[in-house]
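Novice: Encoded as structure tokens, here's the structure I'll be asking about.
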Protein chains: 4
Amino acid sequence: MNDAETCLQEIKDRVLAFAKAREWEQFHSPKNLSMAISAEAAELMEHFLWQSPEQSHQDMQQAPLRAKVEEELADIIIYAIEFANMTGLDISGSIESKMKLNGQKYPVEKAKGNSAKYTEL
Amino acid sequence: MNDAETCLQEIKDRVLAFAKAREWEQFHSPKNLSMAISAEAAELMEHFLWQSPEQSHQDMQQAPLRAKVEEELADIIIYAIEFANMTGLDISGSIESKMKLNGQKYPVEKAKGNSAKYTEL
Amino acid sequence: MNDAETCLQEIKDRVLAFAKAREWEQFHSPKNLSMAISAEAAELMEHFLWQSPEQSHQDMQQAPLRAKVEEELADIIIYAIEFANMTGLDISGSIESKMKLNGQKYPVEKAKGNSAKYTEL
Amino acid sequence: MNDAETCLQEIKDRVLAFAKAREWEQFHSPKNLSMAISAEAAELMEHFLWQSPEQSHQDMQQAPLRAKVEEELADIIIYAIEFANMTGLDISGSIESKMKLNGQKYPVEKAKGNSAKYTEL
């Protein structure tokens, strides 16, 4: 599998099949999955706690760390996809809508080179 | 866009173009993006803080909450995808590898109907 | 040490001395410490991912889990206290002010038995 | 109230009384409180997402941000204290034990000026 050829639905199906085979849907409420996403996100973050932002770029060039980070990122997205599975959300459509909204909140002229929140632009 | 027809690469490209147009790549270090994913994951979770897992299923049937949750989920995945963009990770491949590993940690016979961590199966 | 006899300043001093002895103040920026608090909070949460709220009460009666949870809670508060150390905040005063504010947001008559956010009371 | 004169038990009592008056103990399971701590920790972190660690120090000199950050820190500690209330944990004792453990994991000779995890010292 690779990103150029893989549709989101294909990953959704695999993730759902994995959970179904283990009868895990009973645990996969929106509440519990939101906790799981958050817990995995923290594990990703933990690799970069004390580094400067610049160092975190360099750290990603080290093979062992990179491999671990890759696993954490996968875990986050797997749970996010399972959240979409269990709630019937279309991820691509949601992202398209949200990016349209973000484009209005952060028009290029105002947001260029600026990391301020839209409420302070 | 919808999940049946959208490749991950297509979303990756859109997310990257959005950041490039705003010259935001300077802020998008692995460290900062890991924080952003975690912050968005918490916003998703906040909708379900005091509900029981069962209620969280029902809450997702209410249109206004559902719309907000959809936005939070999109934000999480957008930042996760931008993390992959900035670090050169292939999401589909990472998920495929991680699910293989998860399958070994959680064999169907042992994990069926069981929410225990693999270290305690 | 026990909560009936221990002032916050005493814990603040111990936490600061620990960091100073290790020359860790250079890593303890508000940004980094906010990440550390969040990462520890996620570790606490991880113990309760798939349990119902009721089960989480019962789980706390099991000695091995209780011991681990106690460590996670300590870690959260240690980093929160170090955040106050590094930024010169008075915790007791901050809590007193915040609870006054919370009392206005959640007046007893409206909030009694109700878990809704103050914006929806 | 100030940290030099305030015992943890005094804050515990106030936080518990606040919850009792609103009949909120029914919502304050270990699971739910762990989520609340994590959600508040993320709100603190959000103020420092795109800043460098150095900038985050300077940001804390700005009165409006400082006031907001103070509120977020208070929220984290309030929920952590309520977690201790609902589970019968002694915070000071837990911190004392955890710091002893941390001292063994991070002996001064090895950890001085070093941000590596104890598993990599």
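Novice: Which residue in chain D puts its Cβ closest to the axis that rotates chain D onto chain C, and at what distance in whole Å?
Specialist: Taking the axis that maps D onto C, the answer comes out as D:A41, 2.
Novice: I've got another one for you. Where does chain C land at 222 nm, in deg cm²/dmol rounded to the nearest 500, when only DSSP H runs of n ≥ 4 count, each adding -39500 (n - 2.57), divided by all residues?
Specialist: It lands at -21500 deg cm²/dmol.
Novice: Given Cα positions, please report Rg to Rh for the protein assembly as shown, the hydrodynamic radius being the Kirkwood one.
Specialist: 0.95
Novice: Additional query: Provide the solvent-accessible area of B:H28, counting protein heavy atoms only and rolling a 1.4 Å probe, rounded to the nearest 10 Å².
Specialist: In the full protein context, B:H28 sits at about 10 Å².
Novice: Also, I was wondering about something else. Which value, in Å² and to the nearest 10, is the accessible area of B:R14 when all protein chains are kept and the probe is 1.4 Å?
Specialist: 100 Å²
Novice: Would you work out the relative contact order for chain A, in percent, from Cα pairs under 8 angstrom that are 6 or more residues apart?
Specialist: Here the relative contact order equals 33 percent.
Novice: Suppose every Lys and Arg Cβ carries +1 and every Asp and Glu Cβ carries -1, with no other charges. What dipole size does the protein assembly as shown come out with about its Cα centre, to the nearest 20 debye?
Specialist: 0 debye
Novice: Can you list the distances in nanometres, one decimal and ascending, from the C:L121 label point to the identical position in each other copy, with the point 7 Å along Cα to Cβ?
Specialist: Nearest first, the other copies' label points are 3.4, 4.6, 4.7 nm away.
Novice: Note the distances from C:K105 to each other copy's matching label point, with points 7 Å along the Cα-to-beta-carbon direction, in nm, sorted shortest first.
Specialist: Label-point separations across copies, in nm and ascending: 1.9, 3.1, 3.5.
Novice: Same structure again: Tell me the Kirkwood radius of segment A:4-110: reciprocal of the mean inverse pair distance over distinct alpha-carbon atoms, in Å.
Specialist: Final number for the Kirkwood radius of segment A:4-110 is 16.1 Å.
Novice: I've got another one for you. Magnitude of the Cβ-charge dipole of chain C, K/R +1 and D/E -1, about the Cα centre, nearest 20 debye?
Specialist: Computed about the Cα centre, the dipole is about 500 debye.
Novice: Ok, one more. For a 29 Å ceiling on Cα separation, which of these pairs sit above it: C:K98/D:K20; B:K68/B:K110; D:K31/D:K100; B:K12/D:K31; A:K117/D:K31?
Specialist: B:K68/B:K110; B:K12/D:K31; A:K117/D:K31
Novice: If you take the accessible area of D alone plus C alone and subtract the pair, what total do you get in square angstrom, rounded to 100, with a 1.4 Å probe?
Specialist: 6800 Å²
Novice: Ok, one more. Students sometimes get this wrong: rank B:S97, B:S52, A:S92 by accessible area, probe 1.4 Å, all chains present, largest first.
Specialist: The residues order as B:S97, B:S52, A:S92, largest area first.
Novice: Sum up the charges of everything whose Cβ sits under 12 Å from the Cβ of A:A4, counting Lys and Arg as +1 and Asp and Glu as -1, but leave A:A4 out.
Specialist: -4
Novice: Quick one: work out Rg over Rh on the C-alpha atoms of segment A:2-50, Rh as Kirkwood radius.
Specialist: Rounded to two decimals, Rg over Rh is 1.09.
Novice: What value does segment B:47-113 have for Rg/Rh, both radii from Cα atoms and Rh as Kirkwood defines it?
Specialist: Rounded to two decimals, Rg/Rh equals 1.11.
Novice: While we're on this one: Quick check: net charge around B:P107, other residues with Cβ under 13 Å of its Cβ, Lys/Arg +1 and Asp/Glu -1? Show your work: numbers first, answer last.
Specialist: Details: positive: A:R22, B:K100, B:K105, B:K110, B:K112; negative: B:E109.
Computed value for this residue: +4.
Novice: Using protein chains only and a probe of 1.4 angstrom, how many square angstrom of B:I91 are accessible, to the nearest 10?
Specialist: 10 Å²
Novice: Output, in nm with one decimal and in ascending order, the distances from the C:Q61 label point to the matching label points of the other copies (7 Å from Cα along Cα-to-Cβ).
Specialist: Here C:Q61 shows inter-copy label distances of 3.4, 5.5, 5.6 nm.
Novice: Here is a follow-up. Whole Å is fine, so just give me how far the alpha carbon centre of segment D:60-121 lies from that of segment C:48-121.
Specialist: For segment D:60-121 versus segment C:48-121, the Cα centre distance is 14 Å.
Novice: Carbon and sulfur: what percent of segment A:1-72's accessible surface (1.4 Å probe)?
Specialist: On the way: 1370 of 2950 Å².
About 46 percent, which is the carbon plus sulfur part of the accessible surface.
Novice: Using the Karplus curve 6.51 cos²θ - 1.76 cosθ + 1.60 with θ = phi - 60°, what ³J(HN,Hα) values do you get for each residue of segment D:14-19, in whole Hz, with x for Gly and Pro?
Specialist: After applying 6.51 cos²θ - 1.76 cosθ + 1.60, I find 5, 5, 5, 4, 4, 5 Hz.
The values are calculated or read from the model by the stated rules, or taken from the named source; none is laboratory data. For clarity, every value in this text was computed on a predicted model and none was experimentally measured. Please note: Cβ atoms are built from the backbone with ideal geometry, for glycine as well, and neighbour counts cover all protein chains shown. Each accessible area value is taken on the protein alone, full model and side chains, heavy atoms only, with ligands, DNA and RNA left out. Shrake-Rupley method; radii C 1.70, N 1.55, O 1.52, S 1.80 Å.
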